[in-house]
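Just below is one structure, and these are the notes that go with it.
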Amino acid sequence: MTDNAAFPEGMFARDLASQSLGISVDVDGEGGAVARLQVTERMLNGFAVCHGGFLFTLADTAFAFACNSHGVVTVAAGASIEYLHPVQAGDRLQAIASERSRRGRTGIYDVSVRNQDDLEVAVFRGRSHATHKAFGD
């Protein structure tokens, strides 16, 4: 992982979207990250389950930190999610991102979103594109 102070602390300091939702992030070496979120009633949809957009955001946050862990500014080029089980208010979620492939400027990352009972509630796959810019430039 990069020794540059811009990552992950600087990246998270500028991530107002994740902060506003109460998401926390830990980087797990190069190519890995874990993002956590406590589901609140304000995150529920009209069927009283967590809106899928919040699950996507949690998974996307873990993906972003995992693919940026190599020290190069990296952006999403595409992503998809599959919802496996409903999520309720009060559930504590963690999104565990891992690097599947990284060649040239393209990477593939898988994210498993799990609840407090270790039940997988969603799976996410993201494709990244690395820029030519290092953190701190």
Which of Ser20, Ser69, Ser98 moves most in a GNM of the chain, Cα contacts under 10 Å?
Ser20
With the label point 7 Å along the Cα-to-beta-carbon line of Thr106 and a cut-off under 15 Å to each amide N, the hits in the stretch 43-79 are 75-79
Considering the stretch 22-134, what Rg and Dmax in Å follow from its alpha-carbon atoms?
14.0, 44
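Nearest 500 deg cm²/dmol is fine: what mean residue ellipticity at 222 nm does the chain get from its DSSP H runs of n ≥ 4 alone, each adding -39,500 (n - 2.57), divided by its residue count? Mind showing how you got there, number by number?
Details: 2 runs with 22 residues, N = 137.
Helices in the chain give a 222 nm mean residue ellipticity of -5000 deg cm²/dmol.
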Nearest 10 degrees, 0 to 90: helix 52-67 Cα axis against the chain principal axis:
20 degrees
Backbone HN-Hα couplings from phi across the stretch 97-108 [Karplus 6.51/-1.76/1.60, Hz, Gly and Pro as x]:
9, 9, 7, 9, 7, 8, 9, x, 9, 10, x, 10
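Give me the number: length gained by fully extending His85 to Glu9, i.e. 0.36 nm times residue separation minus the C-alpha to C-alpha distance, one decimal in nm.
Details: separation 76, 0.36 × 76 = 27.36 nm, distance 3.20 nm.
Stretched fully, the His85-Glu9 segment lengthens by 24.2 nm.
Where does the charge balance sit around Val75 when Lys and Arg score +1, Asp and Glu -1, over other residues with C-beta under 11 Å from its C-beta? Don't jump to the answer; show the numbers that get you there.
Numbers: positive: Arg105, Arg127, Lys133; negative: none.
Local charge sum for Val75: +3.
Assuming R0 = 25 Å, what is the FRET efficiency of Phe47 and Asp118, from their Cβ-Cβ distance, to the nearest 0.05?
Details: r = 24 Å, r/R0 = 0.96.
Using R0 = 25 Å, I get an efficiency of 0.55.
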Counted neighbours (other Cβ, 10 Å), sorted fewest up, put His51, His132 in the order His132, His51
How compact and how long is the stretch 92-136, expressed as Rg and Dmax of its alpha-carbon atoms in Å?
13.5, 41
Gaussian network model of the chain, Cα springs within a sub-10 Å range: biggest mean-square fluctuation belongs to which of Asp91, Asp117, Asp26?
Asp117
Taking Cα pairs closer than 8 Å and at least 6 residues apart, the relative contact order of the stretch 6-134 in percent is 26 percent
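For the stretch 1-94, run through the trypsin sites (Lys or Arg not before Pro) and keep only the ones in DSSP coil with at most 11 other Cβ atoms within 10 Å of their Cβ. Write out the running numbers ahead of the final one.
Numbers: sites: Arg14, Arg36, Arg42, Arg92; in loops: Arg14.
Listed in order of number, the matching sites are Arg14.
No lab work stands behind these numbers, since they all come straight from the coordinates. In this text the structure is predicted, and so the values were computed from the model without any measurement. Cβ atoms come from the backbone with ideal geometry, glycine included; neighbour counts cover every protein chain shown.
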